[in-house]
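The values are calculated or read from the model by the stated rules, or taken from the named source; none is laboratory data. Here the structure is a predicted model, which means the values were calculated and not measured. Reconstructed Cβ throughout: ideal geometry from the backbone, glycine too, with neighbour counts over all protein chains shown. Ligands, DNA and RNA are stripped out before the accessible areas are found, and what is left, the full protein with its side chains, is counted by its heavy atoms. Shrake-Rupley method; radii C 1.70, N 1.55, O 1.52, S 1.80 Å.
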Amino acid sequence: MNVRKALGLSVSAASVAAIALTACSTTEDASTHEQAALSTAGGHTIDYDGYSLKIDGKRLYVWSGEFHYWRLPSPDSWRDVLQKMKAAGFNAVSIYFDWGFHSPKQGVYDFNGIRDIDAVLEIAREVGIYVIARPGPYINAETDAGGFPGWLVTQAGKARTTAPDYLEASKEWLRHVDAILARHQFTDGHGPIILYQIENEYSNGALDAQYMQALIDQARADGIKVPLFHNDVWPAGNWKPGTLGGPNMYAFDGYPQGFDCSNPETWKPAPDFRWTRGLSPNTPMFIAEFQGGAFDPWGGPGFDKCQKLTGPDFESIFYKGNIASGATLQNFYMTFGGTSWGWLPDPGVVYTSYDYGSAIRESRQLTAKYDQLKRMGYFVHAVEPLSKTDYGPDLTASNAKIRIRTNVNPDTKTQFLLVAHADTTSTARDQLTFPLSGPDGTYATVPQSGTLEIAGREAKMLVAGYDLGAQRWVYSTSEIMTHARIGARDVALIHGTTGQEGETVLRYAAAPKVTVESGDVTATWDADRKDLRLNYRHSGLARVRIEGGARPLELLIADTASSAASWRQDTAAGPVLERGPYLVRDARVFGSTLALSGETREAGELEIWAPPSTATVLWNGRPVRTTRTPSGTLLGHLDGPAPVSLPELTQWRHRYETPERAPDFDDASWVAANRTTTNNPTKPPAGQPVLYADEYGFHHGDVWYRGHFRATGAETGVSLSATTGTQGKYAAWLNGVYLGASGNGAHAFSIPAGALRPSADNVVAVLVENMGHNQDWNHNDSHKEPRGLTSASLVGGAAPALAWKIQGNLGGEDLADPVRGPFNNGGLFGERAGWSLPGYPDRDWPKTTLPATEPTPGISWYRTEFSLNVPQGPETSIGLRITDDPKRRYRLQIFVNGWNIGRYINDVGPQRVFVIPTGILRTRGSNTLAVASWGDDDGTGGLGHVSLVDLVSSAGAP
Ligand code: IPT
């Protein structure tokens, strides 16, 4: 209700959020990206009903992928990823905006450089992809504190409620981020944003409706006009429209395979969401997050297994299942996962790589999952009746193991048949036929010749009773990938699994002229029904020309590999299809020139179904010589990529630091950790100060403590407790003598003989790793779990109190390095002294070779420089591999040109290859690699072998 009021609209109950818009003029730059860009002339409407979203009154099947710019600190690569998504048929990208990434301190917000969300949104507009904006305030996302900034963890009020301090802070964030989002709304004709999410999976336990409503009101007050939604954790019916705190649209999430990738062949059944229709019948079925991969924890099985658990077979069965359920908005989380660089990860669930087993790998390489998404993405885009369907009855297959669900468009009567195993986890190979009755008559047995095969984990979405361009599509047992009118003919690209039989039936007034241009295709004319029946086996790319409709049809029948190698682009001169390259990222037409851009992985053919006006073809700006084939396509040849050669990393220098351990280290400039009260729900033991790092403004990375005391001489030990987060560690020294190390929790360190200085000043020095703050998934303030020391006392005799000093990252909340930002650095001596940075004068450091052993426990650094001379381009992707015996116990922070690109634990893993975000690497020039290594006293510290890897030519996950 408030929403409508805020918009100043009087809206009938039926059309909840028809957003009325005032036309406005925009001055667009004549950038070369304009051709693909979303139309920005004047205003647009975004509306919906129970079937689908509608843009300017036209139904849209929203096919969206999740992408996080903050996990790709390389603005040039944002365009690469968004173009790859668009090229696969995505019409939308869903983006979380991470509050903590933009705000190091209350009241301080940074939207520059790698934080330039204006640029993200402008690139999305230029690429021509809609944006689903998800600014939180809470986002979860396996990131530190679920997206809450470090400074928020010290608040008294309960997060995600109307507690005044929390709510005020949330509104502060929304005001800042909304100011930018508001100027990129599609409704105003200024940008790509079509939908906006309030909160995130705010679904468990006690829910504060006033809080949700306050967020809605804030978004509207900030000028957000697009429809609002919330993503329910599962279809539980939370936050339905029309309730207090309910946004405009209902949406839910689904991760049916879960997040343990250890047994990727073991599946859970695919959900059938039809039962959820009653939850919000007047809004379309919107799956705001559906499993696109899985996260993987420290010591986990690794992302190759997640890639398998959620592979192309999973995508086909589960995503088509969602289509059959009636979903017309689907967003796949993640489609490109990226890198949780620096201290971005939530410690309990992820390490540096956030590859997620996604369709586009962390290295931005495409996978078979990408190909599968492309087959489906092109389909939902091309076959428009899909965005308005009712449930039809199941068809009875001749094989009881197969279930055929149907959806029917009530206007066109087009039928969609989902053919898959009833047990969606089945790996059996089954054959079937089925009866079909539809607008074009009744068929007792489909296919009429042979059988349809479901080979294990596959699902087919078949189309019957459809006006495909100027042709009548009676049915096909091949799936439609896309179709378009190109020049004077229709071109249809259909596909099936390699080796399987297919049957396609088209209807014509009289027997058409059929020319099989390539492949083994049998044509039969059924004069009674006036059906042309084609039978074939999917193999390579068969081509059939059919003349008999209002326009000729060029039917392209692809197998698995040929459909993967096919691309479609829409240009100012109409649609273009291409076949051959690894990627066709973009196509534009300038007069008679067709300018394609893309990538190859090897030399090969480029075939183009181009608008007839095309006389010249450019590939990445260079002319391609083409010949016209008998079927009217243009055929050219593309070269493979130039080989990349990467230098060996040989010239290393090494230096041990850890001066803080020494009794005479000067900590005068450090902050006194002497607070006696805290808002934190966890209180320190009676009589002890609050030592939590966050209380003193040190929110990320390692923190040093120095506790001073005058010894009685009776002290025998130091009892410490630290909360580090999963896999974190801490180590202690007394007067420079190493006491030992521990993981998360309490540890009693005994004082070795001779270490104590009776009747004198003594110093306990403790280095505590903060692996990151917990998420707040259950909104129980779990992100406030303290980090750093939580208690410290001496054991023995009268046990004097300790007077503490603390030092974390340089500047605390007043970042010393705002460009790299709050998550880049913690408080190691070397980090504070610039050892991680390029240009640091390390010439006086001793030389070393790798692998190296560092016998002294604590922190030592390894630095090297390397020069690259590799071809520049969006496809460049270089990684760093660490090779060592996993029994050695050390952990690393890896800095490339000062950027913390990864954290590595040699004895935990699983990550051993680190993607270096291309934008922070000089691909032609000199680079600095600085590695901080934290070793124990077992003599296994140091650093193993380190090498550069060309991730474009190497297969597999980091
Ligand atoms: C859901 C979150 O909304 C999202 O932020 C992310 O954490 C994702 O899942 C998992 O990667 S939470 C899920 C456990 C339902």
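Annotations
- In this label model, ALA428 and ALA642 are separated by 5.6 nm, measuring between points 7 Å along each Cα→Cβ vector.
- With a Förster radius of 45 Å applied to the C-beta separation of ALA746 and SER953, the computed FRET efficiency comes to 0.40.
- Ligands, DNA and RNA left out, the 1.4 Å accessible surface of segment 52-137 is 47% carbon and sulfur atoms.
- Neighbour net charge for HIS779 - beta-carbon separation under 10 angstrom, K R +1, D E -1: -3
- Among beta bridges identified by DSSP and lying wholly in segment 32-161, the antiparallel ones come to about 45 percent.
- Per-peptide average of other Cβ atoms within 10 Å, ordering 554-561, 286-293 highest first: 286-293, 554-561
- Nearest-20 debye value, segment 386-638 charge dipole, Cβ charges on Lys, Arg, Asp, Glu: 440
- Inter-label distance, nm, simple model (7 Å from Cα along the C-beta direction), LYS847/ASP118: 4.9
- Solvent exposure of segment 816-904 as accessible area per residue, Å², 1.4 Å probe: 38
- Derived scalar couplings between HN and Hα for segment 919-924 equal x, 9, 9, 8, 6, 10 Hz in order, rounded to whole Hz, by the Karplus curve 6.51 cos²θ - 1.76 cosθ + 1.60 (θ = phi - 60°), x for Gly and Pro.
- THR498-THR412 FRET efficiency (beta carbon distance; Förster radius 45 Å; 0.05 resolution): 0.90
- Of all DSSP bridge pairs formed entirely within the chain, close to 80 percent run antiparallel.
- Using alpha-carbon coordinates, inclination of helix 117-127 to the longest axis of the chain, degrees: 20
- List ILE751, ILE546, ordered by accessible area with a 1.4 Å probe, largest first: ILE751, ILE546
- Between the helical axis of 368-382 and the longest alpha-carbon principal axis of the chain there is an angle of about 50 degrees.
- Mean sequence separation of contacting Cα pairs (under 8 Å, at least six apart), scaled by the length of segment 386-638, corresponds to a relative contact order of 11 percent.
- Calculated FRET efficiency, ARG922 to ARG183, Cβ-Cβ distance, R0 = 51 Å: about 0.90 to the nearest 0.05.
- Heavy-atom accessible surface of segment 831-948: percent carbon and sulfur, 1.4 Å: 50
- For segment 593-731, share of DSSP beta bridges that run antiparallel, in % to the nearest 5: 75
- Karplus-derived 3J(HN,Hα), 6.51/-1.76/1.60, for each residue of segment 845-861, Hz, glycine and proline x: 6, x, 6, 8, 10, 10, x, 10, 10, 10, x, 8, x, x, 10, 10, 10
- Segment ARG175-LEU618, length gained on full extension (0.36 nm per residue, minus Cα span): 155.0 nm
- Calculated over segment 386-638, the projected area of the Cα convex hull averaged across directions stands at 14.0 nm².
- Surface per residue (accessible, 1.4 Å probe) for segment 35-366, Å²: 22
- Ligands, DNA and RNA excluded, the heavy atoms of THR614 present near 10 Å² of accessible surface to a 1.4 Å solvent probe.
- Angstrom value of the Kirkwood radius, inverse mean 1/r, which spans all Cα pairs in the chain: 30.0
- Simple spin-label estimate for ASP467 and THR243 gives 4.2 nm between the two label positions (7 Å along the Cα-to-Cβ direction from each Cα).
- Structural descriptor for the chain: relative contact order 10 percent, calculated from alpha carbon pairs under 8 angstrom and at least 6 residues apart.
- Overall, the chain carries a charge dipole of about 1120 debye about its Cα centre when +1 sits on the Cβ of Lys and Arg and -1 on the Cβ of Asp and Glu, all other atoms neutral.
- Remark: segment 740-755, residue by residue, has Karplus-estimated 3J(HN,Hα) of x, 9, 8, x, 2, x, 8, 8, 9, 9, 8, 8, x, 4, x, 7 Hz, where x stands for each Gly or Pro and the curve is 6.51 cos²θ - 1.76 cosθ + 1.60 at θ = phi - 60°.
- Ordering SER94, LEU38, LEU850 by Cα displacement along the dipole of the chain toward the positive end leaves LEU38 in first place; charges were set at the Cβ atoms of Lys, Arg (+1) and Asp, Glu (-1).
- Partner lysines for LYS513 [C-alpha distance under 21 Å; skip if fewer than 8 residues away on the same chain]: LYS530
- Between 0 and 90°, nearest 10: helix 75-87 axis offset from the chain longest Cα axis: 30
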